[in-house]
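What follows is calculated from the coordinates using simple rules that are stated; it is not laboratory data. All values derive from a computational prediction rather than experimental measurement. Please note: Cβ atoms are built from the backbone with ideal geometry, for glycine as well, and neighbour counts cover all protein chains shown.
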Amino acid sequence: MASAEIYFEHDRWGRALAWSAGFHVGIMLALLVYATFVNRHTGEGWGAGGGGEAIGATLVSTVPLPANPAPAQNVLANESKGLTQSQPKIEEKAPDAIEIQGKNAKVKPKKKQETASTKQAQPEPEPEDNRVAFGEGGPVSGPYGTFSAAGAKGGFGFTGGGGDFGTRFQYYVRGVQQRISENWLKYEVDPRITNAQRVYVTFDIARDGHPSNVRVEQSSGVPSLDQSAQRAVQRVDSFGSLPSEYSGSKVSVEFWFDYKR
Amino acid sequence: MKYRLKWLFLIVGLSALLALGACKKKAAPPPPPPPPPPASPTASISVNPSSIQAGQSASLTWQTSNATDVSIDGIGAVQPNGSQSVSPTDSTTYHLTAKGAGGSQEATARLTVTQAPPPPPPPAPTVTDEDLFAQNIKDVYFDYDKSDVRGDQQSSIQADAQFLNQHPSMNFTIEGHCDERGSTDYNLALGDQRASAVKNALTAAGVNASRIKTISYGKEKPFCSESNEACWQQNRRGHFLYTK
Amino acid sequence: MKSTETTANSLQSAAYRNTILMYPKLLLSRMDEADRTSSRWCGSKPLVRALVFLCIYCLLSTVLLAQDWIKTGTGLGVEKVRMAVADFKPATADPQNTALLKTFNDTLWNDLDVSGVVELVSKSFYPLQVPGQPPEVNFMAWNAPPPNAAMLAFGNLGVTNGRLTVQGWLYDVKNTQSPQVLGKQYADTASDPAARLMAHKFADEIIARLGGGVEGIAETQIYFVSDRTGHKEIWAMDYDGSNQHQLTHLGSIALSPRISPDGSRIAFSGLTKNGWEIMMYSLELSRMVSFPHMGGTNLSPAWSADGTKLAFSSSRAGDPAIYVADNSGSGARRVTTGKGPDVSPVFNRKTDGQIAFVSGRTGLPQIYTMGVDGTNLLKLTDQGYAVSPNWSPNGQFLTFAWVRKYGPGDPGASDIYLMDIASKQWVQLTHDGGRNDFPSWSPDGRHIVFQSNRTGSLEIWSMLADGSKVQQLTFTGHNSQPNWSWK
């Protein structure tokens, strides 16, 4: 566009060209400066473990156990073990951060937002605190793991046709969540990354529980993170056969991974 | 009528006797037979056993004949024949005196009393190979987690090798042992290494390898069971076992 | 301005768009020309609209119609399910019910309690009325405080004419629309072991459903060494310590039992008059079966996951080294070279291409890994006294016994550790003192059984793989070297 304007303004092209070129160079420089300085991450050493030394630390991969539940708020239902517990707990691994800022929403060009606002494919960001207190939350979002049942949160029409698998078989969804989280080896991700965008992986689960057709639907921009997410799903042999009350031949899953070191 | 006959015989018999007797009385009685010359008494005495230990008893036996008065010194008058159990504390000579019309006869028997029990006969003085082995072979002790022979054990090795070379017919087994700390499987392997180390040291000193077997017991057969360094050192060893 | 916005929005590059927005003056100064030229160059609004519709169409075309979708992700706090396990109710009036109910209820409770998948709500919070049949379930009594449960297991048990029948259900009490997750019925001759087995089966079904497809361990076995008869022999027991019974009757010393992957044979090391040999006991035939003698000291046999190979330590060539043979004992070949006692090999259960083992080649024993052919030797620990490695079923972790600070004179307290193979980071699992050794993974990868002398007597204990729920399993004599079955 810039060049067209130059040619159009025939009689003033000399001076305009100079201004235009100058400003364009300035913009380029500004971009370069922005890229090199503002976005650099301080590289953190990866635990100094490569050289053959064993280091004591909390594990980066997950022992396949779900976490202990958060303490109940109800005084009557408080089941704390009190002071008599003799086994010291190892420190719990920090759960994956729940980065639910706007940047984790699916990135769509702004134009589409304007013209197709009612049909956005954007899953709503989760509320900041995912942990629903016990006794609250109702059947859809139990304390053992929330998920976005498409109809409940609003989204694309396709999820409406997606049936009520999530509502009817929440325990199965939870199991899928748990198995994938256990198998996600975060140390496979490039150690220089501390934060990344959410990566979406989709796959199918056959009747016998075997995952297939694993693909990255939306990349995080970090190839090693995308790969580690894919591998997490591929490591699972079977999630358990699909519930017998479910009549479909398979279930499709969209699973997102939030990475934070 | 028989009754009267019996009385008749009786009267006749008695009167006959009287008559005879009377007759006899009148006649000089025949001279009494001359007394035979009195026989000499015999005496014999014996004691059985002839030697006893203090506190034991022996049997004294005697026989006499033609004796009317038999006595034994120390006992007194005794029957002409008899036996008696005696248990003197000291050696005694039993003196028997038999007196009779024909004279007297004496006999003695000696009973020896030993004061101390006789010592048991000493065992056959031949020493077995196994004893020799046990007396002369020294076990080899190891440092913690080590299977190499340490400096101060070299002399034991050399002494053992020397002895074994002098007795080439002796075969044996070396057992490798470990102390109670540490893990079962690893200690069995370590014990195996210790036994091998001792075997190698001996073969280097000239002992024929075919005489030597090795086995490891790890910490399965300890020599002591306290939990202190003294016991642990006792258990960390290569132990020799004679196998012929 | 409108055309300016059009210009801006049609640009795909966010950065470029941003910089343009950051320099409003520039834009303003160039507006006139830009407006006219861009309009002419890019074409009219209809073209832009077409682009928009094209994009919507593309998005819509990714819809897979007639397909159920689940959308979920990490970071959503996967926690243990809160489950209530109601005592099963008697279904008949048979006098045998009482004892069998107690066995069933206790076994079911314990199986779920130690599973590592669910958090059991204490019975003191339960409502007074417990259901025995689905129509009796009062959802609100269970999903609200005090129990606050997400899942409820309930059912009934009854004996009729010597036949025991158990009906069990697992209900999602927060989902009143369609609560049933499981409904099962079991029947067998009435006996205590049958009631116990039914409880194990039901617990396994529940755990498989709620644990995301991983099988439960309630029917698995543990093999171990016990000296309670006066000699160290190989014994077996259920995973929860019940049904302990003797297998071998050698009258000598039997050590380090390892069950084959198909559960048919146990390999172990036994003392003969000539030394230690690998021996084989057949569970199918209930007797010893022959296995060739190698000479030397042969220890710590280990099976490959496909059951075709055995690795073990042998000193038949002089120095204890790791050998691999096939499962009949033939074809033994040496895999490790170099000095130093090498013992306790174990195959990677996921790949069979790797072996972890213990070597004292640098002094105190340390853990190493290598390929099955002996290449790629890697040292995993670098201090202390590390022994008895065992691979996790998913191939990611090694558990082993470690005295991190070890030396002459040290009393030698050893603990069970967990190490992530790829990153070599480790976690200490036991802390309660004593000597802890010989850890062995359960087939679900969630539990570890080990030996410990923390009570003063050497016994077998189990725990979850994060070090919690430590439980003693044996109480008689001295018991050691446990090995968990493969399934």
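General observations
- Peptide A:164-177, shielding by other chains (average Cβ, 10 Å cutoff): 6
- Förster radius 60 Å - calculated FRET efficiency between B:THR243 and A:THR194, Cβ distance, rounded to 0.05: 0.30
- Residue order, fewest to most surrounding Cβ atoms within 10 angstrom, among B:CYS178, B:CYS224: B:CYS224, B:CYS178
- For the residue pairs B:LYS146/C:LYS487; A:LYS250/C:LYS201; C:LYS273/C:LYS424; A:LYS260/C:LYS487; C:LYS273/C:LYS339; C:LYS80/C:LYS424, alpha carbon separations beyond 31 Å are given by B:LYS146/C:LYS487; C:LYS273/C:LYS424; A:LYS260/C:LYS487.
- For segment B:112-244, the Kirkwood estimate of hydrodynamic radius, built from reciprocal distances between every pair of different alpha carbons, is 16.2 Å.
- As a proxy for reagent exposure, ranking C:TRP69, C:TRP142, B:TRP7 by other Cβ atoms within 10 Å from fewest up yields B:TRP7, C:TRP69, C:TRP142.
- B:SER91/B:SER40 FRET efficiency (R0 25 Å; Cβ-Cβ; nearest 0.05): 0.25
- Counting every other Cβ atom within 10 Å of each residue's Cβ, C:ILE278, C:ILE259 order from fewest to most as C:ILE259, C:ILE278.
- Among the residues of C:174-182, the average count of other protein chain beta-carbon atoms within 10 Å of the residue beta-carbon is 5.
- Our summary gives segment C:219-349 a relative contact order of 15 percent, counting only alpha carbon pairs under 8 angstrom and 6 or more residues apart.
- For the peptide C:420-431, the mean number of other protein chain Cβ atoms found within 10 angstrom of a residue's Cβ is 6.
- Ordering of B:100-107, C:96-103 by packing is C:96-103, B:100-107, highest average first (other Cβ atoms within 10 Å, averaged per residue).
- R0 of 25 Å, Cβ-Cβ distance C:THR362-C:LYS405: FRET efficiency to nearest 0.05: 0.90
- Extension gain, A:GLN234-A:ALA21: 0.36 nm per intervening residue step, less the Cα-Cα distance, totals 71.5 nm.
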